[in-house]
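As structure tokens, the structure follows; a few thoughts come after it.
The values are calculated or read from the model by the stated rules, or taken from the named source; none is laboratory data. These numbers were taken from a predicted model, which means no experiment stands behind them. Cβ: placed from backbone, ideal geometry, glycine included. Neighbour counts: every protein chain shown.
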Amino acid sequence: MMNLSNWQTRETIHVRRFTLGLCAAAILVLGTAACNLPGSSPTATTAASTASLDSDEPTAAGNAIPAVEEPVTNEAPLPAGLVDVLSAGVESGAWSYEQGLINALKLFTGEFDPSGIWDELPTSFEGTGIIREAQRYLREGTDPQVRLDIESLLAVIAPPSERLLEAAEPESSRSSRLPGLAANRLIGEECSKLYKDGFPAGSNLKCLLYKEGGISGQTVRVYYPLLDMPLDYGDAAFTGIMTSFQTFAKLTSTGQPPQMKGIDLLFVVLPEIEDPSTLAMVPSGSTDDRCLIVVYLGAIEDNELNKGGPDDYGRFLQTIAHEMFHCYQVWNFPAQADANWKVQDWWGEGTATYFSNVVYPEINVEWEWTSAFAYRSADTPLTEMAYENSLFFQYIANQQGDAGVLNIIKAMPAQGNEAAQAAALGSLSNMQTLFHDFGRALIDGEIIDTSKQTIPTLPAYIQAEHQIVVKEANIRTLDAKPFVLSRYAITFSEGHSYNVSRVLTGSAEGYDAARIDVGLPVWTDLPEKVIAGCGPVTYYVLLTSAPTDGGAFAIEFSMIPDEELGCDECLIGTWDVDVPFYVDELTSLMPSTESDQFNVDFAGGVWQIEFTKQAVFTGTYNFATLYSIFQVNAPFGNNIQTNLKLSIEGDISSLYAADGIGHMQTSLLQNNLNFEQEIIMNGDEIPVDDSQFSDLFSPSASSNITYSCDEDTLYLNFAPDSVLGPLKYNRQ
């Protein structure tokens with residue numbers, strides 16, 4: 001066994017050789033390592049700050065699906081829900097609030113057809129929001145006739161539990177049942193009238209069967225018609241309630257069990273209400289003893305139209321889970337849930353949509369709101385959207401868990417307007433950073449779903465008026481209103497470098513960051529010098545603000561063309577290191593002598609670089625070098641066999657400019673390289689602290705790179721003033 005007490009002395013003998021090999025590899029990879037070799041510089045620089053504030057800086061984005069190089073401009077999506085249609089009509093003067101509210105309620109009694117009356121139909125006809133607005137009108141509205149009309153309609157839409165029990169029998173009491181018919185057939189005339197009358201007392205008709213079960217001391221009942229509904233959907237509804245109940249009973253932000261109550265689910269299969277967009281609603285309020293979920297024929301039709309197989313009830317089950325979370329809301333956040341739904345629905349529908357996926361992670365119906373969020377979030381605050389916000393709550397849950405989502409709901413005021421909601425949201429801890437990082441993740445395509453899949457948010461949507469092309473001197477003010485993901489695409493035209501300066505001009509605090517458009521998830525400030533030699537270069541710029549007092553965050557950017565740049569088209573492409581050439585270069589640095597024999601035993605793996613027209617250089621590495629030193633008659637009188645392994649993994653990227661005559665300059669974008677070394681001396685592994693070499697690898701900007709290029713071969717020297725020569729690469 002070797003005496004390790006002598007290692008310090010022996011290290012002095014050998015460390016120069018070890019360091020030389022390590023530094024050589026580092027310079028060949030990084031190009032700008034400070035290894036204190038002759039001619040090299042020991043300086044180091046860091047990437048520019050990613051934020052406009054002095055603290056709480058957003059974290060760098062992780063790996064991402066590459067973005068496209070051309071931002072897209074989508075068509076405007078349809079209104080999200082009925083509350084949006086109601087509000088738009090009132091704002092345009094198409095109808096009064098009362099008239100619009102009554103008509104929307106009549107959708108659910110089959111008395112109103114919006115075709116030809118509404119300019120746009122909503123994406124979702126879910127009725128929960130409209131019911132909330134109707135209930136609020138009963139509390140606050142002033143027109144007595146409208147109040148009477150609303151009361152009459154709600155009695156039909158939301159019959160009380162005792163009326164349902166009176167018109168129903170337990171399914172176990174029926175030994176047989178007529179076969180399920182097509183879901184859109186007319187039910188019996190008398191039972192149809194009973195539905196439309198709201199199950200009045202004293203009818204003595206038995207038009208429903210119900211499935212009943214218990215969970216956590218609460219009773220669950222699913223009511224379905226005797227005829228004209230596939231029985232399997234009754235079973236699916238019961239399963240959906242029980243599964244959702246079990247999931248939501250575990251949700252808490254306080255450590256205390258949440259409030260949970262009994263559930264009634266009523267199937268309404270009137271043919272007058274069969275649009276597949278008309279799914280369900282929760283008309284119950286916080287004071288009701290039980291929560292009523294009303295499910296329409298549309299929920300069945302929607303699932304049938306999208307079935308992946310005979311036993312696929314996924315979309316239907318996620319609809320049930322969505323409505324179950326509305327029950328959870330009224331049980332656990334009564335003040336907010338009973339308040340103005342137009343103000344509260346940004347979290348009311350957003351969290352119900354998100355938590356439906358918590359119950360059923362693999363179904364992902366909520367992804368259908370992704371494109372609408374991408375479009376609206378560019379100029380619409382979170383607090384003025386609804387279902388689309390499930391994407392935001394997914395991100396919050398990824399960072400803080402589901403308790404973080406519940407804490408947001410709990411923090412929302414029951415009174416006030418959307419601005420009050422935004423102020424409350426902005427007051428939450430670290431919200432500036434969270435919201436900005438959410439915007440980066442959206443643009444990078446790296447928001448992870450509950451199922452662990454990546455939600456498809458690419459390509460990035462940029463408004464047409466936010467797509468800026470710089471050909472000559474250009475001064476533009478970019479701004480972001482509270483909780484808007486304000487994003488721009490700035491394209492610098494080919495053939496110049498550009499000087500960029502900035503001045504803060506807005507009244508609110510915020511963050512801004514930029515990333516180049518070629519799929520690198522690297523966010524920095526928009527650089528002071530932009531290089532566009534071989535082609536136009538586009539930066540995505542994101543501005544966000546999460547203030548507590550309103551106001552806009554704004555920056556004035558001046559973008560001025562500077563020197564003309566040439567382009568060496570020869571560089572463009574992907575190159576692999578010439579391994580034999582690398583081995584020869586490394587061997588030449590440590591030639592063998594009579595007493596010291598150096599040998600490269602193995603070199604191989606991935607060592608690949610790429611130059612793009614967008615002025616980006618990238619290197620990708622998974623490369624290992626094994627070399628050995630045999631020292632004869634060492635100072636202690638014995639021979640020493642030292643085997644070393646150097647592994648280089650990861651990637652690095654920089655901006656570059658090449659003059660076409662063999663000179664290049666670079667500016668670091670990101671360095672994700674990892675160097676590991678292993679040293680074995682005479683059979684004993686020597687503990688090595690890799691951090692002792694951290695100062696040796698400090699990538700920085702370089703303006704002293706030389707190269708030569710032809711059709712198939714590239715010679716590249718990142719450190720021409722050092723002892724190293726150029727390294728050879730072969731074109732792929």
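Okay, here's what the table says:
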{"item": "The range 466-476 - residue that is of a type outside the set (S, T, N, Q) and part of a strand (DSSP E or B) and, of those, nearest to TRP367 (Cα to Cα)", "result": "ILE468"}
{"item": "Residue list for the range 519-572, restricted to those being of a type in the set (Asp, Glu) and crowded, with 20+ Cβ neighbours inside 10 Å", "result": "none"}
{"item": "Hits in the range 208-255 (condition: charged (D, E, K, R) and either over 29 Å from ILE396 (Cα atoms) or touching a Cys at 6+ places or on another chain (Cβ under 6 Å) (or both))", "result": "LYS211, GLU212, ARG221, ASP228, ASP232, ASP235"}
{"item": "Top-ranked residue of the range 297-336 - restricted to ones that are among the acidic types (Asp, Glu) and in contact (Cβ under 8 Å) with a residue 12 or more places away in the chain, ranked as farthest from GLN415 (Cα to Cα)", "result": "GLU304"}
{"item": "Single residue of the range 456-491 satisfying the filter (closer than 30 Å to SER390 by Cα and of a type in the set (Asp, Glu)) that is surrounded by the fewest Cβ atoms within 10 Å (Cβ to Cβ)", "result": "GLU465"}
{"item": "Lone unmet requirement of (1) free of Cβ contacts under 8 Å to residues at least 60 places away in the same chain; (2) in contact with a Phe, Trp or Tyr (Cβ under 8 Å, 6 or more places away or on another chain) for LEU382", "result": "(1)"}
{"item": "Helices (runs of 4 or more DSSP H) contained entirely in the range 66-148, each with at least 2 residues that are under 30 Å from the mean Cα position of the chain (by Cα) and either modelled with pLDDT of 90 or more or of a type outside the set (D, E, K, R) (or both)", "result": "82-92, 128-140"}
{"item": "Looking only at the range 401-455, and only at residues there that are surrounded by fewer than 18 Cβ atoms within 10 Å (Cβ to Cβ) and hydroxyl-bearing (Ser, Thr, Tyr), the one that is nearest to GLY551 (Cα to Cα)", "result": "SER427"}
{"item": "Strands (runs of 3 or more DSSP E) contained in the range 635-687 and holding at least 1 residues surrounded by fewer than 15 Cβ atoms within 10 Å (Cβ to Cβ) and β-branched (Val, Ile, Thr)", "result": "674-681"}
{"item": "Restricting the range 577-612 to residues that are charged (D, E, K, R), more than 22 Å from GLU649 (Cβ to Cβ) and at pLDDT below 90, the residue that is surrounded by the most Cβ atoms within 10 Å (Cβ to Cβ)", "result": "ASP596"}
{"item": "Residue that is surrounded by the most Cβ atoms within 10 Å (Cβ to Cβ) [pool: residues in the range 197-234 that are at pLDDT below 95 and among the acidic types (Asp, Glu)]", "result": "ASP228"}
{"item": "Residue ID - surrounded by the most Cβ atoms within 10 Å (Cβ to Cβ), chosen from residues in the range 492-518 that are among the acidic types (Asp, Glu) and either more than 22 Å from HIS436 (Cα to Cα) or at pLDDT below 95 (or both)", "result": "ASP517"}
{"item": "Flag for ILE293 being outside any helix (DSSP H, G or I), within 21 Å of TYR233 (Cα to Cα) and over 27 Å from the mean Cα position of the chain (by Cα)", "result": "yes"}
{"item": "Strands (runs of 3 or more DSSP E) fully within the range 477-542 counting 3 or more residues that are under 26 Å from TYR375 (Cα atoms)", "result": "486-492, 511-516"}
{"item": "Hey, ASP512 touching a Lys or Arg at 6+ places or on another chain (Cβ under 9 Å), touching a residue at least 24 places away in the same chain (Cβ under 8 Å) and not assigned by the TED database to the domain that holds LYS645 or not", "result": "yes"}
{"item": "Residue list for the range 107-142, filter: basic (Lys, Arg) and touching a residue at least 60 places away in the same chain (Cβ under 8 Å)", "result": "ARG132, ARG136"}
{"item": "Unique residue being in a loop (DSSP other than H, G, I, E, B), buried (at least 21 other Cβ atoms within 10 Å of the Cβ) and not assigned by the TED database to the domain that holds ILE131 when the list is PRO283, PRO310", "result": "PRO283"}
{"item": "Residue within the range 107-120 that is under 22 Å from THR287 (Cα atoms), outside the structural domain of ASP345 (by the TED database) and surrounded by fewer than 14 Cβ atoms within 10 Å (Cβ to Cβ) present", "result": "no"}
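Let's see how each residue does on (1) of a type in the set (A, V, I, L, M); (2) more than 18 Å from the chain's Cα centre (by Cα):
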residue	(1), (2)
SER486	no, no
ILE490	yes, yes
VAL503	yes, yes
VAL522	yes, no
ILE531	yes, yes
